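Visitor: Would you mind keeping the following structure in view while I ask a few things?
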Amino acid sequence: MKLISIRLATAALAVSAALAGSAAHAQNLRYAHVGSEGDIQHWFAAQAAERLPEATNGDVTVTVFPNSQLGGVQETIDGVRSGSISMAHHEFASLAQLVEDIAVFNAPFIYRDGEHALKATDPRSSPVLQEFNEKLIESGNMRIIGRLFRGARQMTAKMAVMSPADLEGQPFRGVPLQLWTTMIKGFGAIPTPVEVSELPTALMTGMVIGQENPLTMINANKLYEVQSHVMLTGHMQNVLPVFVNEDAWQSISEENREAILTALDDLAYETLETAQQAEKDLIATLTEKGMTFISEDSGLQLDEFRERVGAQVAQDFPSWAPYIEQIAAIE
């Protein structure tokens, strides 16, 4: 009887040791982002926190810190670089301080549609993304392991806009960044910086006659009260890269890294589907609120906008040309 008790105790200790060893080897990734908890950004991060442990049989866990809890954009980038933050997501342009030209992934009219945007930013199959990843690893001690889709940006104005000629000499709201200044010039308009909080007033007073944003923002900020038309230009497909500290990534087994890449890829396409459905719903909602939608079928000269903006991008960002060609070639 005593021998059986000793054997049982020994077995229990072995199981406890095995579990303790497993827990000791489990890795927790601190995942930071600046988005609010109601944004699709947070849904993506929360889903990653749920699915990555499942995909790795508990070897990798994730704790999410939304709403700039670990700092703003600069602090987040610095944190992932140093390893104090394991992973994060934000605009490609925010990584330009580490790798020159990576903001090309934010370029207007660079993608045919949302699906093309996801393929061009796929870390496992896109040669352009892989090239930038090598540079990110070397200069930033991080790599991109996924992406999420936030939707397409559309143009609004107080009148119908069919071509760049309709915006010639008109003040148009732009984000105060060189890429947006380039794009607004390509639209044919005069780039005029306006803070988001002041945008409704600027549109109402005529300080600017139009602006561009995803339909979600147009609806949430009640721009339908000061704008009459939406031009479905889809000029920017908003894709955010998910990046991880390289040391943290290398500490994960190859099998689990592959499982994580697959899980994040599945999530990326779910955000695309969600964004596309939300856009359809918002077109109906904003139409009911009095806005008129203009598409190529109703006379929008999208090719003219694409050509004019492309020419301005080529002029202002000449080093992007080979990357733009490579992205266009991705099927």
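Visitor: Can you give me the long-range amide H partners of THR61? Hydrogens built in the peptide plane at 1.01 Å from N, cutoff under 5 Å, separation of 5 or more residues or another chain.
Guide: GLN27, ASN28, LEU29
Visitor: How would you rank 142-154, 173-185, highest first, on the average number of other Cβ atoms within 10 Å across their residues?
Guide: Order by mean packing, descending: 142-154, 173-185.
Visitor: Hey, how much of the P(r) for the chain falls beyond 37 Å, as a percent of Cα pairs?
Guide: More than 37 Å apart: 25 percent of the Cα pairs in the chain.
Visitor: Let me ask something additional. Compute the acute angle (0 to 90°) between the alpha-carbon long axis of helix 178-187 and the principal axis of greatest extent of the alpha-carbon atoms of the chain; round to the nearest 10°.
Guide: Approximately 40 degrees, to the nearest ten.
Visitor: Show me 126-137, 234-245, 87-98 ranked by packing, highest mean number of other Cβ atoms within 10 Å first.
Guide: Numbers: 126-137: 18.2, 234-245: 23.8, 87-98: 20.4.
Those peptides, ordered most packed to least, come out 234-245, 87-98, 126-137.
Visitor: By the scheme Lys and Arg +1, Asp and Glu -1, what is the net charge of all other residues having a beta-carbon under 13 Å from that of VAL313?
Guide: Spelling it out: positives minus negatives among the neighbours equals -1.
Visitor: Under 5 Å between amide H atoms, partner at least 5 residues away or on a different chain: which partners does ILE294 have, H built in plane at 1.01 Å?
Guide: Result for ILE294 returns VAL230, MET231, LEU232.
Visitor: Give the aspartates and glutamates whose C-alpha is closer than 13 Å to that of LYS158, dropping any in the same chain fewer than 8 places away, or say none.
Guide: Result set, ordered by chain and number: ASP166, GLU212, GLU225.
None of the figures in this text is laboratory data; all of them are computed from the coordinates on show. Keep in mind that this is a model prediction, so the values were computed, not measured. We place every Cβ from the backbone using ideal geometry, glycine too, and count neighbours over all the protein chains shown.
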